[in-house]
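Report on the following structure.
The values are calculated or read from the model by the stated rules, or taken from the named source; none is laboratory data. Keep in mind the model is a prediction, meaning the values are calculated, not measured. So basically every Cβ, Gly included, is an ideal-geometry build from the backbone, and we count neighbours across all protein chains shown.
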Amino acid sequence: MWGLPGQGKVKALIMAKNIETNLPKEDQEKLEKVGLDFSQKSRSATFIQQDDSVLFNKSLLEGIEIEPIEDAWEKYPELKTKYYGKAFKTIDKDYPQDTRGGYFIRIKKGVTAEFPIQSCLFLNNKQFRQNVHNIVIAEEGSRVHLITGCASSKAAEEAYHLGVSEFFVEKNAYLNFTMIHRWEKDVEVTPMSVAIVEDGGSFVSNYISLSPVRNIKMYPTAVLNKNCKATFSSLITAYKDCLVDIGSRVIFEGPGSSAEIISRAVSFGGTAIARGDLYSQTVDIKAHLECQGLIVTETGKIHAIPELRTNYRDVDMSHEAAIGKISKEELDYLMARGIPKEEAQSLIIRGFLDVNILTIPEEIRNEVDRLADQTLSGGM
Amino acid sequence: MEPLLKIRDLTVKIGEETILNKLNLDIDRHQNVILFGPNASGKSTLLGAIMGFDNYNIISGSIEFAGKNLLDLKPDERARRGIGLMFQHPPKIRGIKLNQLADLLYGDNKDPEEKNMLVKTLNLEYLLERDLNVNLSGGEIKRSELLQILLQSPKLLLLDEPESGVDIENVAVMSKAINRYINRHKVSTLIISHTGYILDYIEANEGCVLYSGKIICHEKPKRIFSDIKEYGYEECGDCRDKER
């Protein structure tokens, strides 16, 4: 289980009806492949946006609010003043303000959600430009998992997704954010996100992108105050003619914090750039960065760029990076067990993209594992 | 009756170096053969050539298994025909669990109880969810190897120094599983042994020595082992000449 049974009360134990989105079956299946549970049986709350219209939003747990962001600002103008853009301002970063849609999620003080919240951003129109702004507030002492699935339909040729996300992890709160991408190969994607973690808080980010996409570029950042924890883990693949440029940055502003960045990148002929940046502006922190790359095809680019920066002596920072190919020894070994070469190769690649590096509860891990199996067996 | 494994005039090179030179070897059905030989004499090369790894360059000769020529077959095809190789130094493979591989090798049409029994006999329950060969002790590696090859249901077991790096207790555990499998399925084994310990556990009536790229001696394995202990391998060449 991923937390104590909810202090919030479950509104309805079983949803009477499935989500009515009027989506064709093919698209529903697509969304299921990025983790959307249409039955909502194992979810605390749900948000679905297609292009720029919100198809569905509902919370099943008292203490969790989930709404289209524009509605939330109308309801709580004071929250807009307090939170909107604040995370980006903290790190002096510009962000696009011409967004439409996105979700507002607030987990009230002290609430533990037994089941994860799910959200889904779906591209379904040719050359559509989806620009969303998401805000997640985990109030003091709350604990929650959020799974965001992003996908595009076959119709969404040459579409574009820009997701601006701000995460506010308040004192002693725990926010675990898992993002699963499954785009089409001519889609461009630019997520931008900043998490502000207050004293004693924990922020976990898991990122999975295992299907072709023309271009993804992102560099999510977490800013840690005192005694915080942050973990960024990513499993990424770059197919032919794809550019996948994924970074993770942690900025330490308060002592006593620790962070880890782990990535596994596989190139099937495309370009994967795995960046990582740990930056300490304080003493007494612990940080580790690990990035491993595997190139499957004879040509394929992986660029691992691990960075460690500190302004103080008393820190503990390290990194390791390695790039390689499928070893002949491992292939021989599995073949000597009677496994044909191609199958042995897939096993090794699948093993390399190990969901066990992700920091997620077992139930979600099993789901992600299954989704990864489906995606990779289709892709390879 | 045709031997199960029949090797004739096998010459194998690694790079420019000739490792096996016109080697001949027969292994009958339900026969256990212990293969002795000094370090770097090519014992592992022989197993690798039987398995079909392509870094061993077969210059001439033939390897037949159950009457079929093996040389054109890839290692996976040879394995599926019934050859199971226990690696001396298996590679670490991250992200693949022992249990995942075990299930794959065993297949789903067999009695799962049988597999569970074997896991239990080899004391491997606690390793099932671990990554293959990662951070394992010598004994754990051998037990994991043995589990895998027995689940493959081979007709010929190639065991590369099954007792090396393993304490006596583990040798006993492994031997029990090997003996049970051999006797139950009437299969054959070719066992490379350096220390000879395995002779105390596995009943083998045939021993041979690999020396200068050839099999030069066929004798009771215990007799060979005691001679090696007494005279060392250096005398092997002379001994062959004398007997001729």
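For residues in the stretch B:127-165 being of a type in the set (S, T, N, Q) and part of a helix (DSSP H, G or I), which is farthest from the other protein chains (Cβ to nearest Cβ)? For the stretch B:127-165, the residue satisfying everything is B:Ser144.
Every residue, every condition in (1) of a type in the set (Val, Ile, Thr); (2) outside any helix (DSSP H, G or I), yes or no:
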{"site": "A:Asn22", "(1), (2)": "no, yes"}
{"site": "A:Glu29", "(1), (2)": "no, no"}
{"site": "A:Val34", "(1), (2)": "yes, yes"}
{"site": "A:Lys41", "(1), (2)": "no, yes"}
{"site": "A:Phe47", "(1), (2)": "no, yes"}
{"site": "A:Glu70", "(1), (2)": "no, no"}
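Name the one entry in B:Ile34, B:Ile19 that is buried (at least 19 other Cβ atoms within 10 Å of the Cβ), more than 14 Å from chain A (Cβ to nearest Cβ) and farther than 21 Å from A:Lys328 by Cβ. Being buried (at least 19 other Cβ atoms within 10 Å of the Cβ), more than 14 Å from chain A (Cβ to nearest Cβ) and farther than 21 Å from A:Lys328 by Cβ holds for just one of B:Ile34, B:Ile19, which is B:Ile34.
All of (1) assigned by TED's automatic domain parsing to the domain that holds A:Ile137; (2) at pLDDT 95 or above hold for A:Ser248 with one exception: (1). When the stretch B:99-143 is filtered for residues that are of a type in the set (Phe, Trp, Tyr) and crowded, with 16+ Cβ neighbours inside 10 Å, only B:Tyr106 remains.
With respect to the conditions (1) assigned to a helix (DSSP H, G or I); (2) at pLDDT 90 or above; (3) under 24 Å from B:Pro38 (Cα atoms), B:Ile191 falls short on a single one, namely (1). Return a yes/no flag: does the stretch A:289-308 have any residue that is closer than 24 Å to A:Asp37 by Cα, within 12 Å of chain B (Cβ to nearest Cβ) and touching a residue at least 40 places away in the same chain (Cβ under 8 Å). No; the residues of the stretch A:289-308 include none that is closer than 24 Å to A:Asp37 by Cα, within 12 Å of chain B (Cβ to nearest Cβ) and touching a residue at least 40 places away in the same chain (Cβ under 8 Å). Can you name the residue in the stretch B:56-81 that is touching a residue at least 24 places away in the same chain (Cβ under 8 Å) and part of a loop (DSSP other than H, G, I, E, B) and is also nearest to the other protein chains (Cβ to nearest Cβ) among such residues? Among those residues, the one meeting the criterion is B:Tyr56. Please go through the stretch B:41-50 and pick out each residue that is in a helix (DSSP H, G or I) and either of a type in the set (Gly, Ala, Ser) or surrounded by fewer than 21 Cβ atoms within 10 Å (Cβ to Cβ) (or both). B:Ser44, B:Gly48, B:Ala49 - these are the residues of the stretch B:41-50 that are in a helix (DSSP H, G or I) and either of a type in the set (Gly, Ala, Ser) or surrounded by fewer than 21 Cβ atoms within 10 Å (Cβ to Cβ) (or both).
Within the stretch B:93-111, can one find any residue that is in a helix (DSSP H, G or I) and β-branched (Val, Ile, Thr)? No, that holds for no residue. Return yes when B:Ile93 is within 13 Å of chain A (Cβ to nearest Cβ) and in contact with a Pro (Cβ under 8 Å, 6 or more places away or on another chain) and no when it is not. It is false that B:Ile93 is within 13 Å of chain A (Cβ to nearest Cβ) and in contact with a Pro (Cβ under 8 Å, 6 or more places away or on another chain). Any residue that is more than 24 Å from A:Ala238 (Cβ to Cβ) and not assigned by TED's automatic domain parsing to the domain that holds A:Ala265 - is there at least one of those in the stretch A:304-314? No, the stretch A:304-314 contains no residue that is more than 24 Å from A:Ala238 (Cβ to Cβ) and not assigned by TED's automatic domain parsing to the domain that holds A:Ala265. For the stretch A:251-258, the criterion of a residue being polar (S, T, N, Q), farther than 19 Å from A:Val355 by Cα and buried (at least 23 other Cβ atoms within 10 Å of the Cβ) is satisfied by at least one position. Within the stretch A:215-228, the only residue that satisfies the criterion of being outside any loop (DSSP other than H, G, I, E, B), surrounded by 20 or more Cβ atoms within 10 Å (Cβ to Cβ) and not hydrophobic (A, V, I, L, M, F, W, C) is A:Thr221.
Within the stretch A:311-343, the set of residues being β-branched (Val, Ile, Thr) and either within 7 Å of chain B (Cβ to nearest Cβ) or out of contact with any Gly (no Cβ under 7 Å at 6 or more places or on another chain) (or both) comprises A:Val315, A:Ile326, A:Ile339. Residues that are more than 14 Å from chain B (Cβ to nearest Cβ) and of a type in the set (Val, Ile, Thr) within the stretch A:344-380 comprise A:Thr359, A:Ile360, A:Ile364, A:Thr375, listed in sequence order.
Note on the stretch B:14-31: residues that are within 18 Å of the chain's Cα centre (by Cα) and outside any strand (DSSP E or B) total 4. The set of residues from the stretch A:46-80 being basic (Lys, Arg) and more than 13 Å from A:Asn134 (Cα to Cα) comprises A:Lys58, A:Lys75. Modelled with pLDDT under 95, outside the structural domain of A:Ser202 (by TED's automatic domain parsing), surrounded by fewer than 16 Cβ atoms within 10 Å (Cβ to Cβ) and assigned to a helix (DSSP H, G or I), is that true of A:Arg350? No. When B:Asn99 is tested against (1) out of contact with any helix residue (DSSP H, G or I) (no Cβ under 8 Å at 6 or more places or on another chain); (2) within 12 Å of chain A (Cβ to nearest Cβ); (3) not acidic (Asp, Glu), exactly one condition is not met: (2). Of all the residues in the stretch B:72-100, those that are within 19 Å of B:Pro154 (Cβ to Cβ) and either touching a strand residue (DSSP E or B) at 6+ places or on another chain (Cβ under 8 Å) or of a type in the set (D, E, K, R) (or both) number 16.
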